[in-house]
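The values are calculated or read from the model by the stated rules, or taken from the named source; none is laboratory data. This one's a predicted model, so the numbers in the text were calculated from it and none came from an experiment. Please note: Cβ atoms are built from the backbone with ideal geometry, for glycine as well, and neighbour counts cover all protein chains shown.
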């Protein structure tokens, strides 16, 4: 990726060593879309990268397939409660300047998750939900169109608009959750999110904790 221009896109049909958030592996068999996009945003737009990536996937899915989606904090795209997309945002900075951001986006498109035991309980795909195949190239174009639209909006002063749209699609809010950050697990109600994307967790003792990154599990009430 070194020396690549802003807007460079790399797409793979399959990954043998895909990476997800928090150091986890990302399962991406043939039939999925694995995409990396290089952007060079101003530093004040950096927290919005997670938001525009998840919103772009959500918008592309809904507009192309009609399937309704939601976002699990901070950036998993869900269909009927199961994961259809994972996003990894990596950035490189020097002092107060962003050298580049790599948006890694993996979308489950044309495969049956039920035949893969490692993901069958938690994942779904577009073709599985629709009962028919989806044109991967057409979807990739739709996704890039939505991503460019949201990125330009973010850069031209639309941060609060992007944040509001992202917040409105978060299915995590208002639910009892456990949030794992490293070895620490916090439990409470996902009360809100800040404009920088942090989760505000209301604990049983009434205290409010701000969590910048973590893995959320929704608890049974």
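What's the number of the only condition in (1) in a loop (DSSP other than H, G, I, E, B); (2) more than 25 Å from residue 191 (Cβ to Cβ) that residue 68 fails to meet?
Tallying (1) in a loop (DSSP other than H, G, I, E, B); (2) more than 25 Å from residue 191 (Cβ to Cβ), residue 68 fails exactly one: (2).
Can you say whether residue 157 is in contact with a strand residue (DSSP E or B) (Cβ under 9 Å, 6 or more places away or on another chain), modelled with pLDDT under 95 and under 23 Å from residue 52 (Cα atoms), as far as the supplied structure shows?
No.
I'd like to verify a number: residues in segment 1-37 that are under 24 Å from residue 180 (Cβ atoms) and either modelled with pLDDT of 80 or more or assigned to a strand (DSSP E or B) (or both), how many? Don't jump to the end; show me each part of the working.
Going through segment 1-37, the residues under 24 Å from residue 180 (Cβ atoms) turn out to be 17-28.
Then keep just the ones that are either modelled with pLDDT of 80 or more or assigned to a strand (DSSP E or B) (or both); that gives 19, 25.
Qualifying residue count for the region: 2.
Return the residues of segment 71-88 that are part of a strand (DSSP E or B) and over 16 Å from residue 11 (Cα atoms); say none if nothing qualifies. So that I can check it myself, show each step before the final result.
First pass over segment 71-88, keeping only residues part of a strand (DSSP E or B): 71-72, 76-79, 82-88.
Once the filter is applied, which keeps residues that are part of a strand (DSSP E or B) and over 16 Å from residue 11 (Cα atoms), segment 71-88 yields 71, 72, 76, 77, 78, 79, 82, 83, 84.
The rows are residues; the columns are (1) within 19 Å of residue 51 (Cα to Cα); (2) free of Cβ contacts under 8 Å to residues at least 60 places away in the same chain; (3) in the same structural domain as residue 47 (by TED's automatic domain parsing).
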site	(1), (2), (3)
109	no, no, yes
115	no, yes, yes
137	no, yes, yes
140	yes, no, yes
184	no, yes, no
196	yes, no, no
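Test residue 179 against the stated conditions and say whether it is within 17 Å of the chain's Cα centre (by Cα) and free of Cβ contacts under 8 Å to residues at least 40 places away in the same chain.
Yes: the conditions hold for residue 179.
If a residue has to be closer than 18 Å to residue 76 by Cβ and at pLDDT below 95 to count, how many in segment 182-203 make the cut?
Going through segment 182-203 one residue at a time, the tally reaches 0.
Can you confirm whether residue 195 is at negative phi and in contact with a helix residue (DSSP H, G or I) (Cβ under 9 Å, 6 or more places away or on another chain)? Can you show your working first?
Details: at negative phi: yes; in contact with a helix residue (DSSP H, G or I) (Cβ under 9 Å, 6 or more places away or on another chain): yes.
For residue 195, the condition - at negative phi and in contact with a helix residue (DSSP H, G or I) (Cβ under 9 Å, 6 or more places away or on another chain) - is met.
Taking residue 207 as the residue in question, decide whether it is touching a strand residue (DSSP E or B) at 6+ places or on another chain (Cβ under 6 Å) and outside the structural domain of residue 108 (by TED's automatic domain parsing). Break it down stepwise before answering.
Values: touching a strand residue (DSSP E or B) at 6+ places or on another chain (Cβ under 6 Å): no; outside the structural domain of residue 108 (by TED's automatic domain parsing): yes.
When the stated conditions are applied, residue 207 does not pass them.
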